[in-house]
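Okay, so here's the structure we're looking at.
The values are calculated or read from the model by the stated rules, or taken from the named source; none is laboratory data. If you're wondering where the values come from, they're calculated on a predicted model, not measured in any experiment. Here the Cβ is made from the backbone with ideal geometry for all residues, glycine too, and neighbour counts use every protein chain on show. The protein model used for the area step is the full one, side chains on, heavy atoms only, and it has no ligands, DNA or RNA in it. Shrake-Rupley method; radii C 1.70, N 1.55, O 1.52, S 1.80 Å.
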Amino acid sequence: MAETEIITYREAVAEGIAREMRRDPTVVCLGEDIAAAEGVFKTTVGLLKEFGPRRVWDTPISEQAIVGAAMGAAMTGMRPVAEIMFSDFFAVCWDYVANEIPKARYMTGGQVTVPLVLRTANGGGLGFGAQHSQAVENWALTIPGLKIVAPSTPADVIGLMAASIRSDDPVIFCEHKGLFASKGPKPPEGHVVELGKANIVREGSDVTIVALAATVPTALTAAERLAAEGVSAEVIDLRCLIPMDLTTVLTSVGKTSRLITVEENPHQGGWGATLVSVVVDEGFQLLDAPVKRVASENVPLPFADTLEEAVIPTVDKVVAAVKAVVNF
Amino acid sequence: MSGESTELLAMYEQMAVIRRTEKAAYDLFLAGLVKGTTHLASGHEAVAVGASFALRPDDYVFATYRGHHHAIARGATPEACLAELMQKATGLCKGKGGSMHLTWAPGNMLGSYAIVGAHLPIAVGAAWSAHLRGTSQVAVAFFGDGATNIGAFHEALNLASIWKLPVIFVCENNFYMEYTAIGSVTAADHPAADRAPAYRIPAKIIDGNDVIVVRDTVAEAAARARAGEGPTVIEAETYRHYGHSRTDPAKYRPAEEVERWLKHDPIDVARARLEALGVTPETIKSIDERADAIVAAAIDAAKNAPAADVREALTDVWADGGSAWRT
Ligand SMILES: Cc1ncc(C[n+]2csc(CCOP(=O)(O)OP(=O)(O)O)c2C)c(N)n1
Ligand SMILES: [Mg+2]
């Protein structure tokens, strides 16, 4: 039997894009330093070489022009994949993300379609300081009209990239900086992960832990520690914020009666709040304990590792939260 | 009649239809049948019509919230425009867009954008797409003088220039933003044209109230664009006959200035040109009457159309037609 090839999350980004570029000539990439330099995070390695300068475009430092041009191209027959180098930079092109791209179909009464992917390096863990480390999925969560994807494994990067590029809706694709070096099996050709399908990455019976992107490994490590102490945790990788797979979450809570969310964004306005609001509404009778959300503190992300750890969700914080609800 | 007279007469008719549609929008607003706001383009007709006659049907047009004239110039009916303003099911956008977002995709009029300057990069993207697909289509962004001071304008010009894209930037310079004169807040005499050379883009300042001048200038820019020679900036000087929006009386504009521009009405300019070409006053009058009839019928039809369908409120967010955010 052939051994499964192992690739990094970072390599999976380029692989996922390349697979789609091979099957669909309308897929084109643009962004700062993505072509000749192959990306500041090396997430576009090999694309220029394989597809040439008509498919892979280096841009000036013009986030509005990058995202605006991607939109115009998407409206007129292309499937652009635009890179915003750090997700924090969405703030300088937010008009396109909040006002233009998601509203175009609706406010024209369905006359235009905007099939594009905005890829971005998101989240903390690499010591880049407050302006290059935020997890901003929840910014996009407030806007009707955007699909939001945040994979946690190389296989999901490839499968969700395929679904995102093939989607006729605009997708915000959050690649987690803290996961770029992580490794996993390379999925076979044709691997597609449907948007809006959460993944139960560990089965358990005492508590449901819902996590996203880099908080998935955190939750899994916590679950292992809890298992040693006799607590059986089910871990759900949400994969997408929109569509949000509440069916999987509610089914799991039906089994465990307890719920924890692990979110890298600050507590206020986080995706967990939205998720929990539905669970307590539609699944109130399923719950045996209060719901806890492990989220970041209400501070900009600090630079020093020890300070960052004090602010973002950690294994210790998840374990403590689980114990609190299990012992309720 | 010569070919030129025939075309000019067709342009004249379209300008006459736009003028009457805008008048109808104003009156319907006063009558309470148009809600929200409107930004009327009376006075700007020659820019839209001249450009449209220079373009191919498959070229792309992007406009601002002051965009009724561009929708009509690209083939949207006055009836569908007025119906949209009146929140009717038969409106261009089924009542979901309103005056500021008129869009007519069958004419590749790909939207009216209400965030100042936002559509310039989008038009650049459409031009990039045309270039990639090898269609020789061009994209045209129409925008106000006020838009030249926003970052998106500068990012768009730079990108269009370095990528040599087939895009035409047409500034409808009406000398005012909302209520402030552009000259008082801009470090350039010609807000669009003076900036273009910094991005190695050729620019022309033209009489935006002369439909022939607009048509010929846009035609030249389109030919350059199709030949792969890149973008052009056109600063078309014009003037709005109404205030900025709704019922703004525009008291901030000096009376002599208003009077001077009203004497240079684009429809009068076109009429004078028609007469110079030997078109009879009777022929012109018959066109005026036809425009009257078209818009009167449009007003009636829009008034009698059914109201926006409430079921449409939750459609058209996603490509599957729905708006669900969760499972
Ligand atoms: C980014 C942004 N800032 C401010 C406004 C409010 N606003 C709407 S129209 C307008 C004036 C724009 O002037 P100009 O570009 O000259 O166009 P005109 O209305 O004269 O056609 C302003 C300030 C806006 N819509 N978008
Ligand atoms: Mg103006």
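Taking a cut-off of 34 Å, what percent of all Cα-Cα pairs in chain B are separated by more than that?
Taking all Cα-Cα pairs of chain B, the fraction more than 34 Å apart is 22 percent.
Run the simple label-point estimate for A:HIS267 and B:ASP268 please: 7 Å along Cα→C-beta, distance reported in nm.
About 6.9 nm separates the two model spin labels.
Count, for each residue of B:312-325, the Cβ atoms from other chains sitting within 10 Å of its Cβ, then give me the mean as a whole number. Could you put the intermediate results ahead of the total?
Numbers: counts 3, 1, 1, 4, 10, 9, 12, 9, 2, 2, 0, 3, 4, 13.
Mean number of neighbouring Cβ atoms from other chains: 5.
When ligands, DNA and RNA are left out and all protein chains stay put, how many square angstrom of accessible area per residue does the range A:199-326 have with a 1.4 Å probe?
39
Give me the net charge for the shell around B:ASP309: Cβ to Cβ below 15 angstrom, other residues only, Lys and Arg +1, Asp and Glu -1. Walk me through the numbers before you get to the answer.
Working: positive: B:LYS88, B:LYS94, B:LYS96, B:ARG311; negative: B:GLU84, B:GLU312, B:ASP316.
Residues near B:ASP309 contribute +1 overall.
Take B:ASP248 and B:ALA319, extend 7 Å from each Cα along the Cα→Cβ direction, and tell me the distance between the two endpoints in nm.
Here the answer is 3.9 nm between the modelled labels.
Please compute how much accessible surface disappears when B pairs with A, both sides summed, using a 1.4 Å probe, and round it to the nearest 100 Å².
3900
I'd like the per residue volume of the convex hull spanned by the Cα atoms of chain A, given in cubic angstrom.
About 136 Å³ per residue, rounded to a whole number.
Where does the range A:6-185 land on the Kirkwood hydrodynamic radius, alpha-carbon pairs, in angstrom?
15.9
B:LYS164: which lysines have alpha carbons under 23 Å from its alpha carbon, excluding same-chain residues fewer than 8 sequence positions away?
Qualifying lysines at Cα under 23 Å: A:LYS49, B:LYS204.
Which whole-Hz ³J(HN,Hα) couplings does the range B:99-110 yield from phi under the Karplus relation 6.51 cos²θ - 1.76 cosθ + 1.60, θ = phi - 60°, glycine and proline marked x?
3, 7, 10, 4, 9, 9, 4, x, x, 6, 8, 8
Using helices alone, what [θ] at 222 nm do you get for the protein assembly as shown, with -39,500 (n - 2.57) per DSSP H run of 4 or more residues, divided over all residues and rounded to the nearest 500?
My calculation for the protein assembly as shown gives -11500 deg cm²/dmol from helical runs alone.
Taking all protein chains together and a probe of 1.4 Å, list B:HIS119, B:HIS131 from the most accessible to the least accessible. Could the numbers behind the result be given before it?
Numbers: B:HIS119 0, B:HIS131 65 Å².
Result of the area sort, largest leading: B:HIS131, B:HIS119.
Please give the charge dipole size of the range A:153-297, origin at the Cα centre, charges +1 on K and R Cβ atoms and -1 on D and E Cβ atoms. Round to the nearest 20 debye.
Values: 12 positive and 19 negative charges, 56 e Å.
Dipole about the Cα centre, nearest 20: 260 debye.
Give the percent of DSSP beta bridges with both residues in the range A:199-326 that are antiparallel, rounded to the nearest 5.
Taking every DSSP beta bridge with both residues in the range A:199-326, the antiparallel ones total about 20 percent.
For the pair B:GLU259 and B:GLU275, how long in nm is the line joining their label points, each one 7 Å along Cα→Cβ?
Here the answer is 2.1 nm between the modelled labels.
May I ask you to evaluate 6.51 cos²θ - 1.76 cosθ + 1.60, the Karplus curve with θ = phi - 60°, for each residue of the range A:37-51 and list the ³J(HN,Hα) values in order in whole Hz, giving x for glycine and proline?
Values, residue by residue: 7, 6, x, 5, 9, 6, 9, 10, 4, x, 5, 4, 4, 6, 10 Hz.
If we sort B:222-234, B:62-74, B:8-20 on the protection proxy, mean other Cβ atoms within 10 Å, highest first, what's the order?
Highest mean packing first, the order is B:62-74, B:8-20, B:222-234.
Calculate the dipole size of the range A:6-185 relative to its Cα centre from +1 charges on Lys and Arg beta carbons and -1 charges on Asp and Glu beta carbons; express the result in debye to the nearest 20.
Around 420 debye, computed over the range A:6-185.
Relative to the longest principal axis of chain A, what angle (0 to 90°, nearest 10) does the C-alpha long axis of helix A:271-282 take?
Helix A:271-282 sits at roughly 50 degrees to that axis.
How crowded by other chains is B:158-171, given as the mean number of beta carbons from other chains within 10 Å of each beta carbon?
2
To the nearest 20 debye, what charge dipole does the protein assembly as shown have about its Cα centre, counting +1 at the Cβ of each Lys and Arg and -1 at the Cβ of each Asp and Glu? Present the calculation step by step, with values, prior to reporting the outcome.
On the way: 58 positive and 79 negative charges, 122 e Å.
It works out to roughly 580 debye.
What does the charge count near B:GLU220 come to, summing +1 for each Lys or Arg and -1 for each Asp or Glu among other residues with Cβ under 12 Å from its Cβ?
+2
Per the 1.4 Å probe, what fraction of the accessible area of the protein assembly as shown, in percent, lies on carbon and sulfur atoms? Display every interim value, and only then the final one.
Values: 13300 of 23990 Å².
For the protein assembly as shown, the apolar C and S fraction of the accessible surface comes to 55 percent.
Net charge near A:THR256, counting Lys/Arg +1 and Asp/Glu -1 over other residues with Cβ under 15 Å of its Cβ?
+1
Students often check this: by mean Cβ neighbours within 10 Å, which of A:56-65, B:193-202, A:12-21, B:285-294 ranks highest, and how do the rest follow?
So the peptides A:56-65, B:193-202, A:12-21, B:285-294, ranked by packing, come out A:12-21, A:56-65, B:193-202, B:285-294.
For the full complex of protein chains and a 1.4 angstrom probe, list A:ASP305, B:ASP265 by accessible area with the highest value first.
I get A:ASP305, B:ASP265, largest accessible area first.
Which value, in Å², gives the accessible area per residue of the range A:1-100 when a 1.4 Å probe is used on the protein heavy atoms?
Values: 3630 Å² over 100 residues.
Counting only protein heavy atoms, the per-residue value for the range A:1-100 is 36 Å².
Taking Cα atoms of the protein assembly as shown, Rg/Rh with Kirkwood Rh, to two decimals?
Over the Cα atoms of the protein assembly as shown, Rg/Rh equals 1.05.
If you count, for every residue in A:159-172, the Cβ atoms of partner chains within 10 Å of its Cβ, what is the mean?
Other-chain Cβ atoms within 10 Å of each residue's Cβ, averaged: 1.
What figure, in Å² to the nearest 10, do you get for the accessible area of A:THR251 with a 1.4 Å probe and non-protein molecules left out?
Per-residue accessible area (A:THR251): approximately 100 Å².
Mind listing the phi-derived Karplus ³J(HN,Hα) values for the range B:129-142, rounded to whole Hz, using 6.51, -1.76 and 1.60 with θ = phi - 60°, and x for any glycine or proline?
Taking θ as phi minus 60°, the curve returns 4, 4, 4, 5, 7, x, 9, 6, 6, 10, 10, 10, 10, 9 Hz for the range B:129-142.
How big is the Cα convex hull of the range A:174-328 in projection, averaged over all directions, in nm²?
9.8
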